[in-house]
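Read the structure below first, then the notes.
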Amino acid sequence: MFSFSTISVIATVALSAFTSAAPLQTRDLPSLPVVGDLSAVTGLTGSLPVVGDIVRRTDAPQGLAAIFTDAQNQLVAPTQQLKFATKQNATADALGGPIGEIKTILTNTVSLVQGLAGKPIEDILVSVDGTAKLTAAELAPILAGVITLVFEALGAVLTVLGGAVVPAVFSLLADVGALVGTLLAAVLALVGSVLGDLVAILVPLLSNVVPFILNLNVATIISLLGL
């Protein structure tokens, strides 16, 4: 049986052999980025698709589906800001920033939609991934996604202020609503004659925001949808 002294000698010899081994050659290993320094990994993540996104063919034309999908993604952040408004901060000055951003996105989207005029209907109604032609039943939820997102945000401000909406704030909200009306009119000008049942399918999808559309008296939408 080993004595404690014998075990100690063996341990000392083993440790000596371990510490005298040649060190790892680290000069050929890449240096690691400092934790939190995202600039070092930009090249790795830049080519990755966002989770949930549909991969779009690079040669696919950008039709209504792609335009509205991009717009909805861009609108998420500024509309969320409006949804967190309170009676204390729902002022024209405080709301001006996110509302200005929403208006810019909607204005650009209107321009893109109007730019489709004269193109083949197959290109206008192409799916996001460029592999199919959308029907009215497929396009309506895409349009409703953007319209609902915007009017839910406007409605959140109207709700939190109740009957105390000052004219300056109401004007800001109404301006956004009018832009959505312009966008919807541009879409129907393109495909209304081709997708004759689009409006009938779209209206029920907007039921949750119709009260806000009526409250803001968005005449264009009221007329187009027969509200």
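Just so it is clear, none of the values below were taken in a lab; they were calculated from the coordinates. Here the structure is a predicted model, which means the values were calculated and not measured. Positions of Cβ are backbone-derived with ideal geometry, glycine not excepted, and every protein chain shown enters the neighbour counts.
Rounded, prolate or oblate: which fits the stretch 175-217, taking a ≥ b ≥ c as square roots of the Cα gyration tensor eigenvalues, rounded meaning a/c under 1.5, else prolate when a/b beats b/c?
Judged from the Cα gyration tensor, the stretch 175-217 comes out oblate (a/c at least 1.5, b/c at or above a/b).
Per residue of the stretch 84-101, what does 6.51 cos²θ - 1.76 cosθ + 1.60 with θ = phi - 60° give for ³J(HN,Hα)? Whole Hz please, x for Gly and Pro, Karplus curve as stated.
9, 5, 10, 4, 6, 10, 7, 9, 4, 5, 5, 7, x, x, x, 5, x, 5
Considering amide H positions built from the backbone, and no H for Pro or chain starts, which residues 5 or more places from Ala132, or on another chain, come under 5 Å of its amide H?
Ser127
Whole-Hz Karplus ³J(HN,Hα) for the stretch 137-143, in order, using 6.51 cos²θ - 1.76 cosθ + 1.60 and θ = phi - 60°, x for Gly and Pro?
3J(HN,Hα) across the stretch 137-143, in whole Hz: 5, 8, 6, 4, x, 5, 5.
In whole Å, what is the distance between the alpha-carbon centres of the stretch 81-107 and the stretch 119-177?
Cα centroid of the stretch 81-107 versus Cα centroid of the stretch 119-177: 16 Å apart.
Cut-off is 10 Å between beta-carbons; in what order do Asp70, Asp93 appear when sorted fewest neighbours first?
Ordered by Cβ neighbours within 10 Å, fewest first: Asp93, Asp70.
Val194 to Lys83: extension gain in nm, 0.36 nm per residue of separation minus the Cα-Cα distance?
36.4 nm
Read phi for every residue in the stretch 208-218 and hand back ³J(HN,Hα) as whole Hz from Karplus 6.51 cos²θ - 1.76 cosθ + 1.60, θ = phi - 60°, with x for Gly and Pro.
5, 10, 4, x, 6, 4, 5, 4, 7, 6, 7
Using the Cα atoms of the stretch 64-225, I'd like the radius of gyration and the largest Cα-Cα distance, Dmax, both in angstrom.
Cα-based Rg and Dmax for the stretch 64-225 come out at 15.8, 50 Å.
Count the net charge of all other residues whose Cβ sits under 14 Å from the Cβ of Val110, scoring Lys and Arg as +1 and Asp and Glu as -1.
In short, -1.
Below 8 Å, C-alpha to C-alpha, sequence gap of six or more: please give me the relative contact order for the stretch 64-225 in percent.
Relative contact order for the stretch 64-225 comes out at 33 percent.
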